[in-house]
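Enquirer: Here it is, the structure in full.
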Amino acid sequence: MRGLFVTGTDTGVGKTVLSAALLAAIAAAGEPVRAHKPVVTGLGEESPSGEQPGGEWPADHVLLGDAAGMPAEQVAPLRYEPAVSPHLAARLAGERIDPPRLLEAARTAATAAAAARETLIVEGVGGLLTPLADDYSVRDLAVALGLPMLIAARAGLGTINHTLLTLAAARAAGLQVLAVVLTPWPQHPGVIERSNRETIARLGEIEVETLGHVQRPTVDNLARVGAELPWRDWAGAGLRSHAPE
């Protein structure tokens, strides 16, 4: 199966933009895609820019659905209003997230993608160790799915530590990390950004790519920046990781 799991060093580091850019670029190349995000939170809160979901930048599952050409409700089976970690968002809603059902929904998406020969992009929530349920993290879900991983990270100050810690946590669980993607990458990167990219690549022994700034959340804009990434190589790694022995 062609698929990738996109995680991040933290919340708000560009996971959704990266995921949507990949989906849009692959679709623009004439290949079918499918998006899955196990949980969306923060639907009732303002974004850091002060915008409500539904403004210029839509909620995560809406953006992913637009990029993949599928209904937003099919992207994210669980959706909550508070901008908190999923396990707390569910508790505040008087619910409890059940890990087997969460995994079942993700595997259903993977099965459907394989049957339709689609490339599946699964986006995590927050960082790799963010709890989806009380005793079930994003990393647990990624391990169960077995997809190759991309790590979205900030380009500027503070990113080296966060990125290397995320990379170490992924590798400790046996996850295959294909690359780190720094985003948004400035049009004219300074010495800090250039050094961060080189340092992460050297110390992490990892490919480091960059994703440019997306000014407006249109599918065309997302496809344009996503096309600059080596998504064909990454998607091919997904096929190899699921090849029969």
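No value in this document is a laboratory result; all are computed from the given coordinates. Just so it is clear, the model here is predicted, and its values are computed rather than measured. Note that each Cβ is placed from the backbone with ideal geometry, even for glycine, and that neighbours are counted across all protein chains shown.
Enquirer: Non-local amide H neighbours of Thr119 (under 5 Å, H modeled in plane, Pro and chain starts lacking H): which ones?
Expert: Val33, Arg34
Enquirer: Moving on to the next point. Which whole-percent values make up P(r) of the chain when all C-alpha to C-alpha distances are grouped in 10 Å steps starting at zero?
Expert: 8, 34, 39, 18, 1, 0
Enquirer: Would you please give the residues with an amide H less than 5 Å from that of Val177, counting only those at least 5 places away or on a separate chain, with H modeled from the backbone geometry?
Expert: Met149
Enquirer: I need to check one value: relative contact order of segment 57-184, counting alpha carbon pairs closer than 8 Å and at least 6 residues apart, in percent.
Expert: For segment 57-184, the relative contact order is 18 percent.
Enquirer: Could you give the DSSP H helices of the chain that reach 20 angstrom or more along their long axis (alpha carbon positions) and whose average Kyte-Doolittle hydropathy is no lower than -1.0?
Expert: 99-115
Enquirer: Could you work out the relative contact order of segment 3-241, using alpha carbon pairs under 8 angstrom and six or more residues apart, expressed as a whole percent?
Expert: 29 percent
Enquirer: List the trypsin sites (Lys or Arg not before Pro) in segment 65-120 that DSSP assigns to loop (not H, G, I, E or B) and whose Cβ has at most 11 other Cβ atoms within 10 Å. Which are they?
Expert: Sparse-neighbourhood loop trypsin sites (Lys or Arg not before Pro): Arg96, Arg117.
Enquirer: Please list, in chain and number order, the residues 5+ apart from Glu207 or on another chain whose amide H is under 5 Å from its amide H, with Hs placed from the backbone.
Expert: Correct list: Val180.
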